[in-house]
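Just below is one structure, and these are the notes that go with it.
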Amino acid sequence: MNLLLTISFSSVASGIHNWLVSTIPNELLAKSVEMVIAGICLLLFLVPLCFILGYMERKVAGFMQMRYGPNRVGPYGSLQIVADTVKLVMKEGLTPTGSDKFLFNLAPVIMVVTCMLVLAPIAFAKDFQIWDINIGVLYVSAISSLAVIGILMAGWSSYNKYSLLGAMRSGAQIVSYELSVGLSLISIVILTGSLKMSDIVMSQETGWWIIRGHIPVIISFVIFVIASTAEINRAPFDLAEAEQELTAGFHTEYAGMKFAMFLLAEYINLFIVSAIAATLFLGGWMPFHIGHWQEFNHIMDFVPSSLWFLGKTFFIIFIIMQFRWTFPRLRVDQLLTLEWKYLLPISMVNTILVTVMAIMGWHF
Amino acid sequence: MGSSALILLLIVGIAFSVGGILISKWFAKSSASKVKGEPYECGIPTTGTSWIQFNVGYYLFALIFLIFDVELVFMYPWAVAVKKIGMVGLVEIVIFMFILFMGLLYAWKKGALKWM
Amino acid sequence: MTNEELKQYISALFPTVTYDETGEFLNILIASTELKPLIKTLRYEDDLKFNFLFCLTCIDWKTNLMMVYHLISKTHKHIVVIKAKIADVVKPEIETVCDIYQTANFHEREVYDLFGVNFKNHPDMRRLLLDESWEGYPLRKNYVDENMITI
Amino acid sequence: MSLLGEDYTTEEGEFVINIGPQHPSTHGVLHLKVWLDGETIKKVQPHLGYIHRSIEKMSESLSYRNFIYATSRMDYLSAHINNQACALCVEKGLQIEAPPRAQMIRIILAELTRLASHQLWWGCTGLDLGAVSPFFYAFREREAILEIMEETCGARLTQNFCVPGGIMADIHPNFQKRTKDVLKQIKSKFQEYDDVLTGNVIFENRNKNVGFLTAEDAISFGCTGPMARGSGVSCDVRKWFPYDGYDKVQFDEVLGKEGDCFSRYMVRMNEMKQSVSIIEQLIDNIPEGDFQAKTKMVLKLPKGEFYQRVETARGELGVFIVSDGAASPYRIKYRSPNFSNLSALDHVARGYKIGDLVAIMSTIDLIIPDVDR
Amino acid sequence: MFLTDYIRTVYKGVRSLLTGMKTTGYYFTHARKEIKTEEYPDNRATLTMFDRFKGEVVMPHDENNEHRCTGCQACEIACPNGTIKIITKQELQPDGKKKKAIDTFVYHLELCTMCNLCVVACPSDAIKMAQTFEHSVYDKKQLKKVLNNPGSKIMEGVE
């Protein structure tokens, strides 16, 4: 048991790295082989993750609506999403005649690539991070706002009025909610004094920020969850694809694998947003520690760090899913009212509160 | 892994999405027809072009956003250092935020936050 | 107002109208040319105030077409039925009432669609239910449907 | 005057969008052509006739017993009430009256139909605005009501239980017990409805101050039912022209004040409560006796015109029968509530956003087969 | 004033949202109790329809292959859709008289609206509604049914 615990992801990774370097004489070749292995590992992680999220979404929806959800394909319907993927692969990826073909096909690629890039600084477990960039938080908020380009591109190039309206809506929406997300991220940066993800996680060794930071951090957590739900275009903020108004919004014309890419990007984005919320507010992979209770903390350490991380992430994912299956959709002007008249002023005031708290040392 | 991770992620993202689309092209049967290529509008042929300029009113929001987002970027370095600076940092950011907040109030009062 | 009072009131203004009280409502029979002034009076006179047109339809009596307007007053709670004969079956025409009752807009389009009655001054006289290219008026008694399948 | 005096051609540079016939939020095959300015609606033009079956023409060749079944297919959510209207109209022509037992069963079933219809509407309103779960909660109660229908009438939607002179068969022995159980269940769920939708801040914002219809316009457009009552126009046929013993029941006509979407919503919500109270009054007091009056084998109405109106879940349904003394009607006109309510859509929706159109349409509660007939 | 109103709006909004989430959360946590789905093809064995359910028109025959239909065509007249076609024949009675009897009772299920008018119209209770509801077939022609069994006769004493 102890042996298992001591094997961390970084030691495995460095082991592989050393082995590759020693066996393959050419350094560049070794590096490329390593990258291929890493890429395959990443895909092996991401694709099942999307399957799990898709399955989870359907089951959550089902249970909330007094249904079973998928229960035919595989045990408890767990292979339903695989069947759907196979179906999507077999579908013709239609490109409408009037559309701007280059942009139309580029949009799903951009969607996937942007959300892949955001994965880099996320700390999945102890010592397991793709790139521990020293401006992690800034990097996340910078790259994640690129997604709006993909949506605008998809909506514009489709040559469809629903798509156009959906894209225009999401332009205003994502851009606006960026601010609240940024401000609530900043409140944690103030407390930790670092933009580095690993530093942020380490700073929560004696307790998660949401517990240590009193009400101000709770407020910024709530604002973060709401605003990031809007950022990733999920109900009740799914105006860009409002089914009842615009049939499917910006991806009306997409079919087959191209549509699957949007779906994939949505789920990866959902995961990323929850992962960041978990990292910043709920301590990431850090086990639940209380101050100086050494025994208690030690027991908590026995649970693997990746489980802690995934547990917290999935908890937030569940909350965001519950939003979707409970609330009606906002109207486009109410969406902006919510951001500009409620979330933004509140988070601005909240930032100052957090600053005062950090300087005075009023947090635990 | 360092900054090479970015290249890795970029390549994986492109390979995965382009590969997926190409694989489905391999598997999927395709046929072309005039009706199939029409833009979907509930089964009715569209009237006029879909690429027209129209006022959605998000133009103003984009402008306000631009101002606020630049301010937000300024706040990141401050946020990292504020614990070390102490009281001075707090006073500075209060003034900064106050100006920002006045800007927001002004926009609110002027009706720029109303969707047209 | 009772039916008797209504009759007196209307006869004073429109001496040509005739009445029929066999049904449950008071029926007012009027020439199609006089329909519009009559309905205007019924709608806007304070004592009458027939402000709710709850049914508008047409009956094909083979030799003529008959427009039927059911009016009720929401304030006085009295009901009249106005019937206007259109003698010309080939090219029936009558004045529209949709500037008095907005509901008549759709109802008149429906009558135009199914009976072929042309409403003069109607803002949007097109077929409502059937396709623009449809020939004939289905609810006419002499309408023959070649596609009908008899079981 | 909104519909008048304008041409409907599309000009260069206008943004025209078709909503329907294949669209998630037009219940049935309603096709709306919407002129937009940005997101704001400039004009809405309904295109009808996708499911026009000419029930009126068809009925001209059917006997007075037979034509009733087709009306179930008009407003399929108030099928029983439609049947009742036709049966009442034929009874008026024959100058007979259904026995008290039949009348009472008819109105109990009619109120159950209204409940079921409003429940479906409630679910769909949530669904249209993006809240999916309420739809399923509404269907749970509706299912229980439909089971009563199935047990007694033999069908869930198109009951065809009313015949001229009464009802087709006596009630099922389980009817009373089952109805009481369902009422208990529904009453306990009203709070949940309020929790999940009525009180929800997003839902409230979506519906309040949207889709105003003044009382005057409601009358001019011939609106009836909850649509007109939401604007404060008293038009409940059950109060104005009681039929089948509605004059013996205690209930309030629910009236709204503002005339916006939310007031229409609240009218329907409160109407559900009124329906529950009507059924509660009647369910234990069904009189003994025949369930059908004696009628001839072949019914022939005397020469003349007969108009009968009832209150369906969506407003006033009028059945206008012109008889020439033969065994089948000379002309039948159904004055359908949805037809008039739909004509007000353009007036109501103008100047609001495209998202509001969905809210407006769902609170008007259109059933397209009833518009097209 | 503005500030208190503002805070009240936020408080009320958040509270109403949490109430909504409580409801869906209840259903999620009590899924085992609350799920109402009927897994239809699986529960076929236990599924019973209500005895009045109008599935299709059938003609019951007794053990001697006898039915109650006299061929009076009342149902044919009563049917609004022309669903029923009765072809009659003249049958020689033992006492030498000829009597009208049915040859085939054709029933078009594809035209039937299950309105029950034929059953009501039948003076000799020869037809009734069956509770079947799985009517789908691959060929429309299979929906045209002959209700009287081959070689069946009218029951004794039914006029």
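At-a-glance table
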| quantity | calculated |
| --- | --- |
| Cα-based convex hull volume of the range A:1-90 per residue, rounded to whole Å³ | 164 |
| Dipole axis of chain C (+1 Lys, Arg; -1 Asp, Glu on Cβ), positive-most option in C:Asn118, C:His76, C:Phe52 | C:His76 |
| Calculated from backbone phi, Karplus (6.51, -1.76, 1.60) coupling profile of the range D:309-314 in Hz, x at Gly/Pro | 10, 9, 9, 8, 5, 10 |
| Size of electric dipole in the protein assembly as shown: Cβ of Lys, Arg +1 and of Asp, Glu -1, about Cα centre, debye, nearest 20 | 860 |
| Pairs beyond 29 Å (Cα-Cα), from C:Lys49/C:Lys120; C:Lys62/E:Lys54; D:Lys184/D:Lys333; D:Lys273/D:Lys296 | C:Lys62/E:Lys54; D:Lys184/D:Lys333; D:Lys273/D:Lys296 |
| Reduced Cα scattering model of the range C:58-112, Debye log10 I(q)/I(0), q = 0.22, 0.24 Å⁻¹ | -0.92, -1.04 |
| Candidate lysines - alpha carbon under 21 Å from A:Lys87, same-chain residues fewer than 8 apart omitted | A:Lys59, A:Lys258, B:Lys25, B:Lys29, B:Lys36 |
| Gyration tensor verdict on the range D:10-165 (Cα atoms; rounded if a/c is under 1.5, prolate if a/b is larger than b/c, oblate otherwise) | oblate |
| In degrees, nearest ten, helix B:87-110 long axis to first principal axis of chain B (Cα) | 50 |
| Amide hydrogen neighbours beyond the local backbone of C:Cys58, cut-off 5 Å, H modeled | C:Val68 |
| Unit charges on C-beta of K, R, D, E only; dipole of chain A, Debye | 660 |
| Residues whose placed amide H lies under 5 Å from that of E:Glu91, excluding near-sequence neighbours | E:Lys99, E:Lys100, E:Ala101 |
| Dipole of the protein assembly as shown, positive end: most advanced residue of D:Gly225, D:Met149, A:Leu343 [Cβ charges, Cα centre] | D:Met149 |
| Which of A:His251, D:His31 has the fewest Cβ neighbours within 10 Å, and the rest in rising order | D:His31, A:His251 |
| Packing-based order for A:44-52, A:342-350, C:74-82, using average beta carbon neighbours within 10 Å, highest first | A:342-350, C:74-82, A:44-52 |
| Reachable aspartates and glutamates from A:Lys312, criterion Cα separation under 17 angstrom, eight or more residues apart if same chain | A:Glu57, A:Glu205, A:Asp301 |
| Size of charge dipole - chain D - debye, nearest 20, with Cβ of Lys, Arg +1 and Asp, Glu -1, no other charges | 980 |
| Helix runs (DSSP H) in chain D reaching 24 Å along axis by Cα, Kyte-Doolittle at least 0.5 | none |
| Greater than 25 Å apart at Cα, pairs in A:Lys101/D:Lys33; D:Lys189/E:Lys12; E:Lys100/E:Lys128; C:Lys77/C:Lys141; B:Lys109/D:Lys353 | A:Lys101/D:Lys33; C:Lys77/C:Lys141 |
| Relative contact order of the range D:53-372, pairs being alpha-carbon contacts under 8 Å that are 6 or more residues apart, as % | 27 |
| Average partner coverage of A:317-324, which counts Cβ from other chains inside 10 Å | 2 |
| Share of pairwise Cα separations in chain A, more than 30 Å, in percent | 43 |
| Loop GluC sites (Glu not before Pro), the range C:1-72 (other Cβ atoms within 10 Å of the site Cβ: 12 or fewer; DSSP) | C:Glu21 |
| Amide H contacts under 5 Å for E:Glu56, placed H, 5+ residues apart | E:Ala130, E:Thr132 |
| Local electrostatic count at D:Glu311 - Lys and Arg +1, Asp and Glu -1, tallied over other residues with Cβ under 15 Å | -2 |
| Per residue, the convex hull volume that the Cα atoms of the range B:4-110 enclose (Å³) | 209 |
| Globularity index of the range E:36-132, i.e. its alpha-carbon radius of gyration over 2.2 N^0.38 Å | 1.34 |
| Helix-only [θ]222 nm of the protein assembly as shown, DSSP H runs n ≥ 4, -39500 (n - 2.57) each, per residue, nearest 500 | -15500 deg cm²/dmol |
| Cα gyration tensor category, rounded, prolate or oblate, for the protein assembly as shown with a/c compared to 1.5 | prolate |
| Binned Cα-Cα distances of the range D:53-372, short to long, each 20 Å bin given as a whole percent | 34, 57, 9 |
| Taking the convex hull of Cα positions in chain C, its mean projected area over all directions (nm²) | 10.3 |
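A short reminder: the numbers here are calculations on the coordinates, not readings from a lab. What you see is a predicted model, and the numbers here were worked out from it, not measured in a lab. Backbone-built Cβ (ideal geometry, glycine too); neighbour counts: all protein chains shown.
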